[in-house]
Structures are given as structure tokens and as C-alpha cells.
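The values are calculated or read from the model by the stated rules, or taken from the named source; none is laboratory data. Given the structure is predicted, the values throughout are model-derived calculations rather than measurements. All Cβ positions, even for glycine, are placed from backbone atoms using ideal geometry, and neighbour counts span all protein chains on display. Remember, those area values only see protein heavy atoms, side chains included, never the ligands or the DNA or RNA. Shrake-Rupley method; radii C 1.70, N 1.55, O 1.52, S 1.80 Å.
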Amino acid sequence: MSRTAPPRARPISPHLTIYGLSITMWMSIAHRITGAALYVGTALVAWWLLASAGSRGSFDVMSGVFGSWFGLLVLFGYTWVLIHHMMGGIRHLIWDTGHGLERNNSSKLAWATLIGSASLTLLVWAAAFLLRS
């Protein structure tokens, strides 16, 4: 009888126990989460627009909701989500041109996305509060 060779061990696919999460991986995850969060935020904006087109009472209710500390926190979060997702899209656009693909440069772009989105969010809210008064 012929003997068959024992099966060789198959290579293990790289996974999170082999590779640690880098900043580019975190920003990829954040880009997907912020994209999903934009659906909820856009629904809130549409709700506010419908209330503003409706009666004075419905607009007052929405103004009270968005004017509360919780509403302002949600709006602040929506601002960050919008800016962060936009900057992540710009980062991907830069990559699509063939630039910034080296490991060092892609990490720098990821950090720039995170720091830039936080800075721009604070700048937008500071401008809004300064122009409000």
C-alpha cells in the first residue's frame, strides 16, 4: 500500500494577536464609526429643519432640546464627527493620488487627522460662541 504524506501545517493568517493596532488602524475604525454616526446626526438636522419649517411651538421644542447641555453635547459630538470624517476622506484622497503611503507618512497623516479634527471642532465652537454674543 502506498502511504500518504501527513498534511502540512497551514500558515496562520495575520490577525490582531500578531499585529498591534496602529494609529492608521484606529483612524480607519474611527472613519467607519463616524460615517455611521453621520446618519444619526443628519437625521437630527433634518428634524430640526422640519421643526423650523413647522409651527412656532415645534421650533421652540427643538430649540429647547438643542439648547440644553445634553443637546449642546450632541451637537459638539456631531461637529467633531462631521469634521473628522471629512478629514479622513481628505486623507484617503491624498492616498488615492499615491502620496503618503509610506509607513511613516501614513502615521503622520493619521495623527494629523485626529489632531486637526479636534482643533477644528474647538475652533468652530469657539467662533460660534464668540459670534453668538
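Looking at the structure I just gave you, is residue 129 under 17 Å from residue 37 (Cβ atoms) and surrounded by fewer than 16 Cβ atoms within 10 Å (Cβ to Cβ)? No; evaluated as a whole, the condition is false for this residue.
Looking at region 100-110, can you tell me whether even one residue there is within 13 Å of the chain's Cα centre (by Cα) and not polar (S, T, N, Q)? There is at least one residue in region 100-110 that is within 13 Å of the chain's Cα centre (by Cα) and not polar (S, T, N, Q).
Taking the conditions exactly as written (open to solvent by 70 Å² or more (accessible area, probe 1.4 Å), farther than 19 Å from residue 117 by Cβ and outside any loop (DSSP other than H, G, I, E, B)), does residue 48 satisfy them or not? I'd like the intermediate steps shown before the answer.
Values: open to solvent by 70 Å² or more (accessible area, probe 1.4 Å): yes; farther than 19 Å from residue 117 by Cβ: yes; outside any loop (DSSP other than H, G, I, E, B): yes.
Here the answer is yes, as residue 48 does meet what is asked.
Within region 13-35, the set of residues being modelled with pLDDT of 90 or more and farther than 17 Å from residue 95 by Cβ comprises 33, 34. Among the criteria (1) surrounded by 13 or more Cβ atoms within 10 Å (Cβ to Cβ); (2) part of a helix (DSSP H, G or I), the one residue 104 does not fulfil is (1).
Within region 62-96, being more than 18 Å from residue 119 (Cα to Cα), more than 17 Å from the chain's Cα centre (by Cα) and either among the basic types (Lys, Arg) or surrounded by fewer than 13 Cβ atoms within 10 Å (Cβ to Cβ) (or both) holds for 64, 67, 68, 69, 70, 96.
For region 112-126, give me the residue count where each residue is surrounded by fewer than 13 Cβ atoms within 10 Å (Cβ to Cβ) and under 26 Å from residue 95 (Cβ atoms).
Residues of region 112-126 surrounded by fewer than 13 Cβ atoms within 10 Å (Cβ to Cβ): 115, 119, 123, 126.
If we keep only those that are under 26 Å from residue 95 (Cβ atoms) too, we end up with 115, 119, 123.
Residues that pass the stated criteria total 3.
Pairs linking a residue in region 74-85 that is over 15 Å from residue 36 (Cβ atoms) to a residue that is open to solvent by 60 Å² or more (accessible area, probe 1.4 Å) and among the hydrophobic types (A, V, I, L, M, F, W, C), with Cβ atoms under 8 Å and 6 or more positions apart or on different chains, are 79/124; 83/120; 83/124.
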